Amino acid sequence: MRPVDVATTTDIPAGMRKRVSIDGTKILLVNLDGQYYAVADRCPHMGGSLYEGKLEGNLIVCPNHGAAFDLTTGQNVRPARVLFFNKRPPDATSYRVEIKGTRVLVWFE
């Protein structure tokens with residue numbers, strides 16, 4: 001794993017998000033009250049963009065089928081709903097974030 005410099009802290013004010021790309025992988029960065037978190041931008045259910053989803057506290061909700069993921073861990077906490085069926089997708093890939101001064105680094109392999 002290697003740290004990749006992806007943004008500055010001023011790029012992502014509290015309560016905001018930013019989509020970045022590392023080696024072709026899209027990653028969602030979110031600032032939750034001064035703590036920065038990174039998860040894969042692709043919902044593990046059917047590939048929807050989590051960047052386009054709704055923030056609910058520390059959760060990001062996929063706009064396609066409503067699956068919700070804890071931004072602090074990537075854990076799936078709400079199943080996706082398709083028609084009348086609920087399906088629990090795998091957890092979202094999460095990445096370690098490090099702040100060095102004003103730089104936001106995401107640890108990526």
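The values are calculated or read from the model by the stated rules, or taken from the named source; none is laboratory data. The structure presented is a predicted model; accordingly, all values stated were derived computationally and were not measured. No Cβ is skipped: glycine too gets one built from the backbone with ideal geometry, and neighbour counts run over all protein chains shown.
Hey, among L28, L32, L105, L83, which residue is surrounded by 13 or more Cβ atoms within 10 Å (Cβ to Cβ) and farther than 19 Å from V4 by Cα?
Working: L28 fails: farther than 19 Å from V4 by Cα; L105 fails: farther than 19 Å from V4 by Cα; L83 fails: surrounded by 13 or more Cβ atoms within 10 Å (Cβ to Cβ).
Going through L28, L32, L105, L83 in turn, just one is surrounded by 13 or more Cβ atoms within 10 Å (Cβ to Cβ) and farther than 19 Å from V4 by Cα: L32.
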- What are the pairs, 6+ residues apart or on separate chains, where a residue within the stretch 57-82 that is farther than 19 Å from I27 by Cα has its Cβ under 8 Å from a residue that is polar (S, T, N, Q) and at pLDDT below 95? P79/N86; A80/N64; A80/N86
- For the stretch 70-91, which residues satisfy the criterion of being of a type in the set (F, W, Y) and in contact with a Gly (Cβ under 9 Å, 6 or more places away or on another chain)? none
- Task: Please enumerate the residues belonging to the stretch 15-54 that are modelled with pLDDT of 95 or more and among the hydrophobic types (A, V, I, L, M, F, W, C).
- Result: M16, V20, I22, I27, L28, L29, V30, L32, A38, V39, A40, L50
- Is there any pair linking a residue in the stretch 87-101 that is closer than 10 Å to Y36 by Cα to one that is of a type in the set (F, W, Y) and modelled with pLDDT of 95 or more, with Cβ under 6 Å and at least six apart or on different chains, and which? R96/W107; V97/Y36
- Considering residues of the stretch 40-79 that are aliphatic (A, V, I, L, M) and touching a Lys or Arg at 6+ places or on another chain (Cβ under 9 Å) only, the residue surrounded by the most Cβ atoms within 10 Å (Cβ to Cβ): L50
- Query: When only residues in the stretch 86-102 that are touching a strand residue (DSSP E or B) at 6+ places or on another chain (Cβ under 7 Å) and within 19 Å of D11 (Cα to Cα) count, which is surrounded by the fewest Cβ atoms within 10 Å (Cβ to Cβ)?
  - Reply: T102
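Using the structure shown, decide if A92 is among the small types (G, A, S), at pLDDT 95 or above and part of a strand (DSSP E or B). If you could, list the steps in order and put the result at the bottom.
Details: among the small types (G, A, S): yes; at pLDDT 95 or above: yes; part of a strand (DSSP E or B): no.
When the stated conditions are applied, A92 does not pass them.
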- Counting only residues that are small (G, A, S) and free of Cβ contacts under 8 Å to residues at least 40 places away in the same chain, how many does the stretch 1-50 have? 7
